[in-house]
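Written below as structure tokens is the structure these notes are about.
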Amino acid sequence: MPAATPTAVAPAPAGVTLRGAAVVGALALGAFAFVTTENLPIGLLPLIAADLQTSLSAVGLLVTGYGLTVAVVSVPLTRLTLRIPRRFLLSGLLTVFVLATLLSVASSTYWLLLVARVVTALAQSVFWGVIAATASGLFPPRVRSRVIAVAYSGGSLAAVLGVPAGTWLGQQAGWRAAFLALSGLGLLALVSIATLLPTTPAGQGHSATGTEPDRRRFVVVLVVTALAVTGLFTAYTYVVAFLTEVSGFALETVSLLLLVFGAAGVFGTLAAGALADRHPRPAVIAPVATAMTALAGLYLFGAAQPAAVGLVGLTGMSLAAVPTAMQSRIMHIAPGSTEVASAANGAAFNAGIAGGALLGGVLLPVAGVRATPLVGVVLLAAALAVLLAEPLLARDQSGQAGVQGAADHPGR
């Protein structure tokens, strides 16, 4: 993919700085706000439907439409913003988030809320495309994946804290109060980035392009992301039904299990970042293999409640580790701009979410909820097979292995 042509390359930062750490924290806060906003209608479904006098299914489309918007526009919008300095771009995106979220608060009709959600999704589609390169560019390459993991941990924390807390606040003070609080978090992230992020020309620095560009390996990452996320979300979208109908948990205890799921996800994000800095290739194989094992365990042993608890945690850990590991891999093998490549990976991820939810919904009336983990296993097995076949798929046209860099650097 073509990248903006830099006039000069900035030197890699010498080490960790408090200013850089604060910027990464602000990016994580922005990710937290975006992901919570994306998924919050799930917890506030009845409240929003009653207030706007619309159906539950229509409110559900606020989540589906958000994800599809991100999947469709991520790459083209990120391409259009390649030459904008990241400080100005991220400040602008967070400004859009704050204003669009305030519009959600003020919405008196379903259609106005839908417009506000679409505008927010447009901002998120670019935000996710640029935060990895922006964050990692502030630190030396040796800690690149760990920095990305910290920035991405905001998205994982959204599942653990954001959606539950927003749901509680909405139930206590009305759904608008929850969105108003999120606009405040977005404003905090905006002020931090606008004041702390250096203003440097776009397309410069060690994180702007892949260190070992390889278009075929990049395609492998996109295929694996789509397959793995589709498999995981085929099961995860209907995990509440699985835990109540198959495992026999009472509905009121499921929220605690989802907390286990989210907490394990934070650990998975950080663990994937630490592993990817030292062993990039094993770091992408491990979460896919772990996810396949977890879903196979749910299918075989999910009726036993103690096993179900551990397997739900293992699923949450792997679901969060997959995007972190794949994003870290992209920083190595992006064939052009790492930001456009990251946007493409984000689109594949969101397509996987939508595809998994759709596939699971088709399965429910045919095979029941117990079949959803099994179908997820099949898709994850396909993703793992693609990963293991990567050295063959990445051969160049001359028949020479396109993985010579991996031979010279066995960790990759």
- Task: Taking the residues in the range 314-335 that are open to solvent by 10 Å² or more (accessible area, probe 1.4 Å) and over 16 Å from the mean Cα position of the chain (by Cα) as candidates, determine which candidate is modelled with the lowest pLDDT.
- Result: H332
- Query: Within the range 386-393, can one find any residue that is at pLDDT 80 or above, in contact with a Gly (Cβ under 7 Å, 6 or more places away or on another chain), assigned to a helix (DSSP H, G or I) and not charged (D, E, K, R)?
  - Reply: no
- Query: Residue check: is A303 outside any helix (DSSP H, G or I), without any contact (Cβ under 8 Å) to a residue 60 or more places away in the chain and farther than 29 Å from V143 by Cβ?
  - Reply: yes
- Task: Could you figure out which of (1) touching a His at 6+ places or on another chain (Cβ under 9 Å); (2) open to solvent by 10 Å² or more (accessible area, probe 1.4 Å) isn't true of S136?
- Result: (2)
- Out of the residues in the range 242-254 that are assigned to a loop (DSSP other than H, G, I, E, B) and either open to solvent by 40 Å² or more (accessible area, probe 1.4 Å) or without any contact (Cβ under 8 Å) to a residue 24 or more places away in the chain (or both), which is farthest from A367 (Cα to Cα)? A250
- Take the range 238-268 and flag every residue that is in contact with a Leu (Cβ under 9 Å, 6 or more places away or on another chain) and of a type in the set (V, I, T). V239, V240, T244, V246, T253, V254, V266
- Do we find that V130 is assigned to a helix (DSSP H, G or I) and surrounded by fewer than 21 Cβ atoms within 10 Å (Cβ to Cβ) in this structure? no
- Note on the structure: Of the residues in the range 32-46, those that are modelled with pLDDT under 85 and over 17 Å from V118 (Cβ atoms) come to I42, G43, L44, L45, P46
- Note on the structure: Residue set S153, S125; condition open to solvent by less than 10 Å² (accessible area, probe 1.4 Å) and modelled with pLDDT of 85 or more; output residue S125
- Item | Sole residue being surrounded by fewer than 18 Cβ atoms within 10 Å (Cβ to Cβ), aliphatic (A, V, I, L, M) and in contact (Cβ under 8 Å) with a residue 40 or more places away in the chain, chosen from V239, V284, V223 | V223
- Query: So how many residues does the range 53-85 have that are over 20 Å from the mean Cα position of the chain (by Cα) and either of a type in the set (K, R) or modelled with pLDDT of 85 or more (or both)?
  - Reply: 6
- Inter-residue pairs, beta-carbon under 8 Å, first closer than 16 Å to A354 by Cβ and in the range 55-78, second not in a helix (DSSP H, G or I), 6+ apart: none
- Which one of these does T269 not meet: (1) farther than 21 Å from I333 by Cα; (2) open to solvent by less than 30 Å² (accessible area, probe 1.4 Å)? (1)
- Selection from the range 32-55 of residues that are more than 19 Å from P164 (Cα to Cα) and open to solvent by 30 Å² or more (accessible area, probe 1.4 Å): A50, D51, Q53, T54, S55
- Is it the case that the range 272-285 has a residue that's part of a helix (DSSP H, G or I) and within 19 Å of V378 (Cα to Cα)? yes
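The values are calculated or read from the model by the stated rules, or taken from the named source; none is laboratory data. Just so it is clear, the structure is predicted and the values come from calculations on it, not from any experiment. Every residue, glycine as well, gets a Cβ built from its backbone with ideal geometry; the counts of neighbours run over all protein chains shown. All accessible areas refer to the heavy atoms of the entire protein, side chains included, with ligands and DNA or RNA removed. Shrake-Rupley method; radii C 1.70, N 1.55, O 1.52, S 1.80 Å.
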